[in-house]
Each structure stands twice: as C-alpha cells, then as structure tokens.
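Take a look at the structure below.
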Amino acid sequence: MINLDIFESPGLLVYPDRVKRNIAKAIEMVDGNPARLRPHIKTHKTKEVNDLLLEAGITKFKCATIAEAELLALSNAPDVLISIQLIGPNIIRFKQLKEAYPTTQFSSIIDDLHAAQSLNEAFEGKTTGVYIDLNMGMNRTGIRPEKAFDLIQQLHKLPNVTLKGLHAYDGHIRDKEFQEREKHVNSDFVSFYYLIDQLDTNNLELVVSGTPSFLVHHKNPLFTCSPGTYVFFDAGYAALFPENTFEFGVEIISRIISKPTETTICLDLGHKSVAAENPIDNRVRFIDRPEWILKSQSEEHGIVEVGDSSAYQIGEIVTMVPYHICPTVNLHSHLQVIDGGLWEVKARNRRLCY
C-alpha cells in the first residue's frame, strides 16, 4: 500500500512501472519492432522517460521544440525529428544544436519552399535532413499531399537539404468508435497513398499517426508510428482505446483545503495545476469518486460538487487523472516518483542551452 501522505499537492505522481508497461505495449503493437516507433516526447519532457524508451530499444524520436531536441541529445538519442517548421532564429539554434551534438542525427519538417530555401542557405557547405509535412485534414500545418510532389521536385534542387521522409500527422482523427476511426483514416489517407505511389520510397521514412490513430496505423509495416501520449496516457484518450490497452502512468494528487458549502469542497487544484484548455467538465476524472463534479477553478482552487461535504475531512487526499496530460505536465517543474525521488520536467523550458 502506497503512503500518499508524504507527497506534495497539488502535484503529479509518476508510476515508473506503468510507464515501462506502456512502452512495452506500444512495441508489442508494432510486432515487437521498436524501429517502427518514433515517439513524440512532448507529453513527458523528461530525460528519465527518454532513457526508458532507449532502454526498450527505441532509437528514433520526435519532438516539438529545440529544448526537447537537446534533452534527447543529452540522453544520446541517435535520431531526432523536430516536428515544427523552423523559421527565423530557430534555424540558427538548430544549426548550433547539430554542431554541439554530432552523434545525434537531427532533422526537421518543411511544407514550404521558402522555408526549405532558408534552411539550405543556413547550411551552406553542409547538409540537413528534412521531412515533408503533409496536411492530412487537421488544417494546422502541412502541405496537401496532392501538392507535395512539386515541392519534392524543387527540394531535390537544393544542395544542402536532403529529403529523409514524409510526415503525416492526423491528430484530428479521434472518432470514438474504432470502426469509424478506421474509415476516417482510410478516407483521409487516399491522397497520401497516391503520393507515395509517385515516389521512390525505398529510402524514405513514412512517419504517421497520433495516439488515437495509432490503433489503425500500427497494422501497416511500412509506417513508422509517432504516438506520444501513450507513455503517461490520460482520461481523454482512455475513452478512445479498448480497456486495458495503456495504463495511467501519471496521476494528480490534491487535498481538500476547505468545505465552503454543505455540498461542495475546495481542492488545492486550480487551473495552474491542470490543463484548462477544455471545458470545466473535461479537465479531470476523479479516480475513486467518479460521481464528483468539478464545478469551477481559479488559479489555485478547484470547487467540486460532492453531495454531502460533511462526509469528508480537511486535508483528505484526492487523486485524479487529467483529461489532457501533455499540457498538464508542462505546468509542473517536477514529477514526484511514487517510489521516491523527482523527475525534472526539464524541457518545459523553451531553452536549455541552444
């Protein structure tokens, strides 16, 4: 029995054994071949999880910031893809990063010729790898697959830029029923398959999937899958996965600090402690008290409807699972390890050195 009394609140508790099992499950889903995974580290942002992934045989990673890329380099990760199109000063930082960590192979994504030309100019006399970022229907970034062939042809004319692969993120595909999600993937990827039929893909990596579409894409041996949330998992994605697929590797710990009315309690859990981008009913799930309802939050306080507040004591511990783990982790400087110690959320900072 774990004694939760020693842990600070509000805070995040990490269960390393659950994280290890989640990593093992993802590898099992790609037929035991870790080379088919390129996990995104935006969820955890910690060196400790990077190291667990490397120990499991994973050598390819994806990240969203230069700080996350450097954190991977500090773990001696062999292959890192930055999944943001680099512009402005970030191109210089990227070049400095590559020079500082020559044993790690860094690449970035592009969806625009001007951005590719800027990279080409910055790497005069050297080379840098790029992946074409494809808009698969999310309409956030990327070029439509039907327009990508011309960009690829232009890319071949740039001497300092080398095409390494295609990046097809489909984070918008979150249909609750798996059969509908599978149909959605198949429909949105028609243009992707048409594009790869036009290319010699023998030496190109095909990087696809967010965590929800991983259930579909893992079946295709041609694909490298890049889920990220699965290492810690969360309540939002648990609703989209079969029961017992992944475990909650991180929980929120909070305490009752007041009982303002006969039917409500106040937790030390404001919106500075848990991701607040979703409506109030989609921020946390109470682990042992599913009937509780989070009614409102301010910076350091969370008001919860509990029925009869007299049944609970000031100081009583409450545990939750966040609806969205990635931005929740980003709010905390450290994770409290359930069997002792702290994991620093080092890459929540935008800059480590470079």
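The values are calculated or read from the model by the stated rules, or taken from the named source; none is laboratory data. It should be emphasised that the depicted structure is a prediction, and the values quoted were computed from it without experimental measurement. No Cβ is skipped: glycine too gets one built from the backbone with ideal geometry, and neighbour counts run over all protein chains shown. What goes into the accessible areas is simple: the full protein's heavy atoms, side chains included, and nothing from ligands, DNA or RNA. Shrake-Rupley method; radii C 1.70, N 1.55, O 1.52, S 1.80 Å.
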- request: Tell me which of these LYS45 doesn't satisfy, since it passes every other one: (1) part of a loop (DSSP other than H, G, I, E, B); (2) at negative phi; (3) surrounded by 17 or more Cβ atoms within 10 Å (Cβ to Cβ).
  value: (2)
- prompt: In the range 241-254, is there at least one residue being at pLDDT below 95, open to solvent by 60 Å² or more (accessible area, probe 1.4 Å), more than 30 Å from PHE149 (Cβ to Cβ) and among the acidic types (Asp, Glu)?
  reply: yes
- request: Output the number of the condition that SER309 fails; it satisfies all remaining conditions of (1) in contact (Cβ under 8 Å) with a residue 24 or more places away in the chain; (2) small (Gly, Ala, Ser); (3) open to solvent by 50 Å² or more (accessible area, probe 1.4 Å).
  value: (3)
- request: Take the range 1-35 and flag every residue that is among the charged types (D, E, K, R), assigned to a loop (DSSP other than H, G, I, E, B) and over 25 Å from THR328 (Cα atoms).
  value: ASP31
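Which residues, taken from the range 272-289, are part of a loop (DSSP other than H, G, I, E, B) and either surrounded by 21 or more Cβ atoms within 10 Å (Cβ to Cβ) or more than 26 Å from the chain's Cα centre (by Cα) (or both)? Spell out the reasoning first.
So in the range 272-289, the residues part of a loop (DSSP other than H, G, I, E, B) come out as 272-279, 283, 287-289.
Hits for the range 272-289 are SER273, VAL274, ALA275, ARG283, ASP288, ARG289.
If a residue has to be part of a loop (DSSP other than H, G, I, E, B) and more than 23 Å from the chain's Cα centre (by Cα) to count, how many in the range 293-343 make the cut?
From the range 293-343, those part of a loop (DSSP other than H, G, I, E, B) are 298-301, 306-308, 312-316, 323-324, 331-333, 338-341; that's our starting set.
Applying the additional criterion that residues be more than 23 Å from the chain's Cα centre (by Cα) yields 298-301, 306-308, 312-316, 339-341.
Going through the range 293-343 one residue at a time, the tally reaches 15.
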field: Yes/no for SER298 being small (Gly, Ala, Ser), over 27 Å from GLU48 (Cβ atoms) and buried (at least 16 other Cβ atoms within 10 Å of the Cβ)
entry: no
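Collect the residues in the range 166-178 that are outside any loop (DSSP other than H, G, I, E, B) and either over 18 Å from LEU113 (Cβ atoms) or without any contact (Cβ under 8 Å) to a residue 12 or more places away in the chain (or both), keeping them in residue-number order.
First pass over the range 166-178, keeping only residues outside any loop (DSSP other than H, G, I, E, B): 166-168, 178.
If the condition is that a residue be outside any loop (DSSP other than H, G, I, E, B) and either over 18 Å from LEU113 (Cβ atoms) or without any contact (Cβ under 8 Å) to a residue 12 or more places away in the chain (or both), then ALA168, PHE178 are the ones that fit.
Any idea which residue in the range 48-60 is surrounded by the fewest Cβ atoms within 10 Å (Cβ to Cβ), counting only those that are within 17 Å of the chain's Cα centre (by Cα) and not in a helix (DSSP H, G or I)?
The residue in question is THR59.
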query: Is it the case that some residue within the range 227-239 is in a strand (DSSP E or B), within 20 Å of TYR15 (Cα to Cα) and not β-branched (Val, Ile, Thr)?
result: no
message: I'm told LEU269 meets every condition in (1) under 27 Å from LEU81 (Cα atoms); (2) surrounded by 21 or more Cβ atoms within 10 Å (Cβ to Cβ) except one. Can you identify the failing condition by its number?
response: (1)
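Condition first: touching a residue at least 40 places away in the same chain (Cβ under 8 Å) and open to solvent by 30 Å² or more (accessible area, probe 1.4 Å). Now tell me which residues in the range 179-198 satisfy that.
ASP188, SER191, TYR194, GLN198
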message: Taking the condition of being surrounded by fewer than 20 Cβ atoms within 10 Å (Cβ to Cβ) and either of a type in the set (Phe, Trp, Tyr) or modelled with pLDDT under 95 (or both), how many residues in the range 202-216 meet it?
response: 2
- prompt: With respect to the numbered conditions (1) at pLDDT 95 or above; (2) assigned to a loop (DSSP other than H, G, I, E, B); (3) open to solvent by less than 80 Å² (accessible area, probe 1.4 Å), which one is the sole condition not fulfilled by ARG140?
  reply: (3)
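Looking only at the range 93-121, how many residues end up being within 28 Å of LEU54 (Cβ to Cβ) and assigned to a helix (DSSP H, G or I)?
Step one: of the range 93-121, the residues within 28 Å of LEU54 (Cβ to Cβ) are 93-110, 119.
Then keep just the ones that are assigned to a helix (DSSP H, G or I); that gives 93-100, 119.
Result for the range 93-121: 9.
Only one residue in ALA64, ALA26 is under 19 Å from ALA347 (Cβ atoms) and under 16 Å from the mean Cα position of the chain (by Cα). Which one?
Numbers: ALA26 fails: under 19 Å from ALA347 (Cβ atoms).
Within the list ALA64, ALA26, the selection yields ALA64.
Which residue out of ILE66, ILE87, ILE82 is touching a residue at least 12 places away in the same chain (Cβ under 8 Å), closer than 25 Å to ASP111 by Cα and surrounded by fewer than 17 Cβ atoms within 10 Å (Cβ to Cβ)?
Details: ILE66 fails: surrounded by fewer than 17 Cβ atoms within 10 Å (Cβ to Cβ); ILE82 fails: surrounded by fewer than 17 Cβ atoms within 10 Å (Cβ to Cβ).
When all the criteria are applied, what remains is ILE87.
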statement: Just one listed residue, out of ILE23, ILE41, is within 20 Å of PRO212 (Cβ to Cβ), touching an Asp or Glu at 6+ places or on another chain (Cβ under 6 Å), of a type in the set (A, V, I, L, M, F, W, C) and modelled with pLDDT of 95 or more, and it is ILE41
